[in-house]
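Data block below; observations after.
The values are calculated or read from the model by the stated rules, or taken from the named source; none is laboratory data. Please read all numbers here as calculations on a predicted model, not as lab measurements. Here the Cβ positions follow ideal geometry from the backbone for every residue, glycine too, while neighbour counts run over all protein chains shown. SASA here: full protein model, heavy atoms, side chains in, ligands and nucleic acids out. Shrake-Rupley method; radii C 1.70, N 1.55, O 1.52, S 1.80 Å.
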Amino acid sequence: MTEEDPTTRPEGLTGVLEAIATAVSTARAMPMSSSVLVNRAELLDLVEQARDVLPTQLTRADQVLADAAAARAEAQAGADEILARARREAAALVDQEAVVLAAQERAAQLLAEAEETVERLQRDADDYCDRRLADFEIDLGKVLGQVQAGRAKLAGRLGAE
């Protein structure tokens, strides 16, 4: 089995899973068998790294959602301020109905634009999170398939004995 530099750690969950796959695929084969010898400590370290990386990726996704919520709150505050300003101007110009109507229309337009921006940011954040979780699901599915295949081979061998 190839020894890796312990200071070199794979980047992200995909990198860790690729390192596990590489460790298994480059492992020394047992004579007259499809089994291989793997370094238990190395693979356990890679599994631990995968466990460490997963919360980091989820934290990043949570941060994206928090940023979207903050942008929505900021847009809502801006829209509220514009609406309050429009109301003040409307009260001052109550005798000029056209100005009041224009201010209300502008405030409604800005509020609608702000809500559209918030919805777009929320959709983008949800899409990003969904894509990341789908990547994790695929990667974990591959690892699960490899583990199940290995256990099936081992079970077959144990049953043959």
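With (1) over 25 Å from Glu11 (Cβ atoms); (2) in contact with a helix residue (DSSP H, G or I) (Cβ under 8 Å, 6 or more places away or on another chain) as the list, and Ala61 as the residue in question, which single condition is left unmet?
All conditions pass for Ala61, except number (1).
Out of the residues in region 15-48 meeting the condition of being part of a helix (DSSP H, G or I) and polar (S, T, N, Q), tell me which one is surrounded by the fewest Cβ atoms within 10 Å (Cβ to Cβ).
Filtering region 15-48 for residues part of a helix (DSSP H, G or I) gives 15-25, 40-48.
From what is left, the residues that are polar (S, T, N, Q) are 22, 25.
Values: Thr22: 14, Ser25: 9.
Per the criteria, the residue is Ser25.
Taking the condition in contact (Cβ under 8 Å) with a residue 12 or more places away in the chain, open to solvent by 50 Å² or more (accessible area, probe 1.4 Å) and out of contact with any Asp or Glu (no Cβ under 9 Å at 6 or more places or on another chain), does Arg51 pass?
So Arg51 fails the test.
Suppose the filter is modelled with pLDDT under 90, of a type in the set (A, V, I, L, M) and under 30 Å from Arg157 (Cα atoms); does Leu37 pass it? Even if it seems obvious, please write down each step before you answer.
Details: modelled with pLDDT under 90: yes; of a type in the set (A, V, I, L, M): yes; under 30 Å from Arg157 (Cα atoms): yes.
Spelling it out, Leu37 is indeed modelled with pLDDT under 90, of a type in the set (A, V, I, L, M) and under 30 Å from Arg157 (Cα atoms).
So which of Glu89, Glu115, Glu97 is open to solvent by 80 Å² or more (accessible area, probe 1.4 Å) and closer than 30 Å to Gln57 by Cα?
Selected residue: Glu115, the only one of Glu89, Glu115, Glu97 that is open to solvent by 80 Å² or more (accessible area, probe 1.4 Å) and closer than 30 Å to Gln57 by Cα.
Take the conditions within 30 Å of Glu74 (Cα to Cα) and either of a type in the set (S, T, N, Q) or in a helix (DSSP H, G or I) (or both) and apply them to Asp124. Does it pass? Reasoning before the result, please.
Details: within 30 Å of Glu74 (Cα to Cα): yes; either of a type in the set (S, T, N, Q) or in a helix (DSSP H, G or I) (or both): yes.
Answer is yes for this residue.
Looking at Arg157, is it basic (Lys, Arg), surrounded by 11 or more Cβ atoms within 10 Å (Cβ to Cβ) and under 27 Å from the mean Cα position of the chain (by Cα)?
So Arg157 fails the test.
Would you mind stating whether Asp124 is at pLDDT 90 or above, in contact with a Leu (Cβ under 9 Å, 6 or more places away or on another chain) and open to solvent by 50 Å² or more (accessible area, probe 1.4 Å)? Don't jump to the end; show me each part of the working.
Numbers: at pLDDT 90 or above: yes; in contact with a Leu (Cβ under 9 Å, 6 or more places away or on another chain): no; open to solvent by 50 Å² or more (accessible area, probe 1.4 Å): yes.
No: the conditions fail for Asp124.
Taking Ala107, is it in contact (Cβ under 8 Å) with a residue 40 or more places away in the chain and open to solvent by less than 50 Å² (accessible area, probe 1.4 Å)?
No, not satisfied.
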